[in-house]
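Here the structure comes first, spelled out in structure tokens, and everything after it is commentary.
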Amino acid sequence: MSALSVEVTPEQQRQLERFYFHEARLLDSRQYLQWLTLLNEDVRYIIPSRVNVQVNNRARGHEDMISVEHELEGEDSMGCPHREEGYILLMLRAERAYKINSWSENPPARTRRIVGNIELMEHSGDTLSVLSNFHLYYARPGSDTIVYSGQRRDTLLSQTDGFRIVRREVVLDYAAIELPTLGLFF
């Protein structure tokens, strides 16, 4: 993605925001099967792992060394992502939530997603590259409330009936994961 977002009309921005707000509502109300309809069948869903990189502040002219890209270990690197899934695995996870033997989410966690800073970064034909930031509040009965935060880097396909997610990369703000689960849909 380029460093600067592209010009968008107020209507285009509104359409993107409505898509992401609708997605958040579906996930927070545990309508996972309806959420699957927002995905393209060849979707790639990736949560790269992250490392803490030491920065040499004396090295001038190498500003790219402090880029987040140097911290990510996932699909395009030698590292191991936390998650790397396609449509079938996402569908199985979504359907599992409704099974009687889904003990890990019984009672189900309560979530609330706050999605913002939605930027159209590239637009080529029917394909859009979109950045968004999120806070995901996660509460389990009898447990503390946890806040997940990060950035989503999406590739969307614009169709006559709306957008479809073709690729989602979830960049969590954490290098050391001390959170109860990464089994959530971000």
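The values are calculated or read from the model by the stated rules, or taken from the named source; none is laboratory data. This is a predicted model, so every value here is computed, not measured. Cβ atoms come from the backbone with ideal geometry, glycine included; neighbour counts cover every protein chain shown. The protein model used for the area step is the full one, side chains on, heavy atoms only, and it has no ligands, DNA or RNA in it. Shrake-Rupley method; radii C 1.70, N 1.55, O 1.52, S 1.80 Å.
Key figures for this structure:
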| read-out | value |
| --- | --- |
| Hits in the range 80-94 - residues which are open to solvent by 30 Å² or more (accessible area, probe 1.4 Å) and either among the aromatic types (Phe, Trp, Tyr) or at pLDDT below 90 (or both) | CYS80, HIS82, ARG83, GLU84, TYR87, ARG93 |
| Subset of the range 150-173 that is of a type in the set (Ser, Thr, Tyr) and at pLDDT 95 or above - its residue that is farthest from the chain's Cα centre (by Cα) | SER158 |
| Residue within the range 127-139 that is among the β-branched types (Val, Ile, Thr), more than 13 Å from the chain's Cα centre (by Cα) and at pLDDT 95 or above present | yes |
| Per-region count, the range 37-58, residues more than 14 Å from the chain's Cα centre (by Cα) and either of a type outside the set (A, V, I, L, M) or modelled with pLDDT of 90 or more (or both) | 10 |
| Test: residue in the range 118-130 that is free of Cβ contacts under 8 Å to residues at least 60 places away in the same chain, open to solvent by 20 Å² or more (accessible area, probe 1.4 Å), under 20 Å from ILE46 (Cβ atoms) and among the polar types (S, T, N, Q) | yes |
| Checklist (1) in contact with a Lys or Arg (Cβ under 7 Å, 6 or more places away or on another chain); (2) open to solvent by 60 Å² or more (accessible area, probe 1.4 Å); (3) not in a strand (DSSP E or B) applied to GLY142, failing item | (1) |
| Selection within the range 1-35 - aliphatic (A, V, I, L, M) and under 14 Å from the mean Cα position of the chain (by Cα) | ALA24, LEU27 |
| Single match in MET1, MET65 (criterion: farther than 24 Å from ALA109 by Cα, at pLDDT below 95, in a loop (DSSP other than H, G, I, E, B) and not polar (S, T, N, Q)) | MET1 |
| Selection count where residues are open to solvent by 20 Å² or more (accessible area, probe 1.4 Å) and free of Cβ contacts under 8 Å to residues at least 60 places away in the same chain, scope the range 16-51 | 8 |
